[in-house]
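Notes follow the structure.
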Amino acid sequence: MTATCLCGAVTVTVETAPDFIHDCNCDLCRKTGAAWGYYPSASASATGKTTAFMRKDKPNAGVEVHTCQTCGATTHFELAPAFKAQNPGADLLGVNMKLFAAADLTGVEVRYPNGKDWSGEGPFGYRRDAMTISDASPW
C-alpha cells in the first residue's frame, strides 16, 4: 500500500494494512494530526524530503516525527537515536495512517488511547471504545 503527503513530495509505503491504528489525544498526536499504524522498519518506508522534529516537552522523547518539507503533512515517525541506544532490540516505524484512503483500511481496528492523561508509566487507558473501519463505519 502506498500513500503520499498532500503535495505528493513524500511517499509512504507499507507491506500491509496495520494490525490496528492508534488515534491518540496526546499533544504530539493531536497537534501533528496523526493516527499511527506501527511496523517493523523492514515493512515500511518513506521517501522524499522530510523534516524531523523531536518534542521538547519530554526529557527523553522516544520518537522523531517527520513532516514533508513542502506541505508540512505528518508522514511518519522513527525511533529517536537515544531511545534506540537504550533499547537496542527496538525496531519500529510509525506511519500516519490518515495519509491512506479509508477504503484501503477496511477491517482495521481504530483504538483511541487517552494519551493526554497518561503519566508515561505503565499501560494507558482508552477514552472511548474502538471501532473497525468499514463501509458502514467510515473513519
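For segment 3-16, just list the computed ³J(HN,Hα) in residue order, Karplus coefficients 6.51, -1.76 and 1.60, θ = phi - 60°, integers in Hz, with x standing in for Gly and Pro.
9, 10, 6, 4, 8, x, 6, 10, 10, 10, 10, 10, 5, 8
Return the ratio Rg/(2.2 N^0.38 Å) for the chain, where Rg is computed over Cα atoms only.
For the chain, the normalised Cα radius of gyration comes out at 1.03.
Given R₀ = 35 Å, FRET efficiency for E121-T13 by Cβ-Cβ distance, to 0.05?
Efficiency for this residue pair is about 0.50.
Mind checking the dipole of segment 30-89: about its Cα centre, +1 per Lys or Arg Cβ, -1 per Asp or Glu Cβ, Debye to the nearest 20?
For this selection, approximately 180 debye.
Suppose each label sits 7 Å from its Cα in the direction of the beta carbon; what would the R55-N25 distance come out to in nanometres?
Going by the 7 Å Cα→Cβ label model, 1.5 nm.
Would you kindly enumerate the cysteines in the chain that have no other Cys beta-carbon under 4.7 Å from their beta-carbon?
C26 - these cysteines have no disulfide-compatible partner (Cβ-Cβ under 4.7 Å) in the chain.
If I take R0 = 25 Å and measure r between the Cβ atoms of R111 and T2 in this structure, what FRET efficiency does the formula 1/(1 + (r/R0)^6) give, to the nearest 0.05?
0.55
Where nothing but the Cβ of Lys and Arg (+1) and of Asp and Glu (-1) is charged, how large is the charge dipole of the chain around its Cα centre, in debye to the nearest 20?
On the way: 12 positive and 14 negative charges, 102 e Å.
Charge dipole of the chain: 500 debye, to the nearest 20.
So which lysines can K116 reach, going by Cα to Cα under 28 Å and dropping same-chain residues fewer than 8 places off?
The qualifying lysines are K31, K56, K58, K84, K98.
Once you place label points 7 Å from the Cα toward the Cβ at T70 and A103, how far apart are they in nm?
For the pair T70/A103, the computed spacing is 2.4 nm.
Mind listing the phi-derived Karplus ³J(HN,Hα) values for segment 63-71, rounded to whole Hz, using 6.51, -1.76 and 1.60 with θ = phi - 60°, and x for any glycine or proline?
9, 10, 8, 9, 10, 5, 5, 8, 9
Taking a ≥ b ≥ c as the square roots of the eigenvalues of the Cα gyration tensor of segment 4-70, is the shape rounded (a/c under 1.5), prolate (a/b larger than b/c) or oblate?
It is oblate, given that a/c is not under 1.5 and a/b is not larger than b/c.
Give me, ordered by chain and number, the residues 5 or more places off R127 or on other chains with an amide H under 5 Å from its own placed amide H.
Excluding prolines and chain starts, which carry no amide H, the hits are Y112, N114.
Amide H neighbours of T75 under 5 Å, at least 5 residues apart or on other chains, H built in the peptide plane: list them.
H66, T67, C68
Could you work out [θ]222 nm for the chain from helices alone, using -39500 (n - 2.57) per DSSP H run of at least four and dividing by all its residues? Round to the nearest 500 deg cm²/dmol.
Helices in the chain give a 222 nm mean residue ellipticity of -2000 deg cm²/dmol.
Values quoted throughout were computed directly from the atomic coordinates according to the rules given, and no laboratory measurement underlies them. All figures in this text were calculated on a predicted structure; none of them were measured in a lab. When we count neighbours, we look across all protein chains shown, and the Cβ atoms used for this are built from the backbone with ideal geometry, even at glycine.
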